[in-house]
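Novice: Starting off with a structure, shown below.
The values are calculated or read from the model by the stated rules, or taken from the named source; none is laboratory data. No experiment lies behind these values; they were computed from the predicted model shown. Here the Cβ is made from the backbone with ideal geometry for all residues, glycine too, and neighbour counts use every protein chain on show.
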Amino acid sequence: MPSAGVLAQRWWVPIVRGVVAILFGLALLVVPKLGLLTLAILWGAYAFVDGVLSIVHAARGARAGRRWGWLLFEGIVSVLAGIIAFLWPGITVLAFLIVIAVRALIGGVAEIVAAITLRRQISGEWFLALTGVLSIVFGVLLLVYPLPGILALAWLIAIYALLFGVLLISLGLRLHGYRESARPFIPTTSAPSGP
């Protein structure tokens, strides 16, 4: 798992992921009667972009010699879920719900593991743990209640995406603050030279 310093250097990644999640959630709230086909494609785009961002972040961590496995795993699962949604957008509601639920459960576990790993390095790691818990609760709810109406599903996914996005943005801002507080002092002017 990357150190707090490495995560802080890429503080903008969770913010971008959070903005994408919020835009996805708002789109579902504005147009809640999206058909299943449109919903599958929209969710697939979100999962794909989120997965690519996670993979990029993992690759940068690998180049820096940091642990990156969980982040890469989460990214691959998310990209695969997005591709499945693109290739088979007409899948049944139940299959679509299972794809979303499994992605949320796996992502949630990965986020909790990351938070536990970072708990001694940064304060505010609970934002990441909370996104993991939120993802797991969301996944379980979809598995327990697999046949709600598409409107209820759209609202549930929208609320999840909005909360997830807000938490990711909060984490990114916290990492940015950590980066700024850990940055060594660099004078803006050169020191006067001696005689």
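Novice: So which residues in the range 81-104 are closer than 22 Å to residue 143 by Cβ and either among the aromatic types (Phe, Trp, Tyr) or within 15 Å of the chain's Cα centre (by Cα) (or both)?
Specialist: Of everything in the range 81-104, those that are closer than 22 Å to residue 143 by Cβ and either among the aromatic types (Phe, Trp, Tyr) or within 15 Å of the chain's Cα centre (by Cα) (or both) turn out to be 81, 82, 88, 96, 100, 101, 102, 103, 104.
Novice: Which ones in the range 105-120 are among the small types (Gly, Ala, Ser) and at pLDDT 85 or above?
Specialist: Those that are among the small types (Gly, Ala, Ser) and at pLDDT 85 or above: 107, 108, 110.
Novice: For the range 77-97, which residues satisfy the criterion of being surrounded by 15 or more Cβ atoms within 10 Å (Cβ to Cβ), at pLDDT below 80 and of a type in the set (A, V, I, L, M, F, W, C)?
Specialist: 91, 93, 96, 97
Novice: I'd like the residue in the range 56-71 that is buried (at least 18 other Cβ atoms within 10 Å of the Cβ) and part of a helix (DSSP H, G or I) and, out of all such residues, is farthest from the chain's Cα centre (by Cα).
Specialist: 61
Novice: Could you tell me whether residue 100 is β-branched (Val, Ile, Thr) and modelled with pLDDT of 80 or more?
Specialist: yes
Novice: Give the number of residues within the range 1-27 that are part of a helix (DSSP H, G or I) and at pLDDT 80 or above.
Specialist: Going through the range 1-27 one residue at a time, the tally reaches 16.
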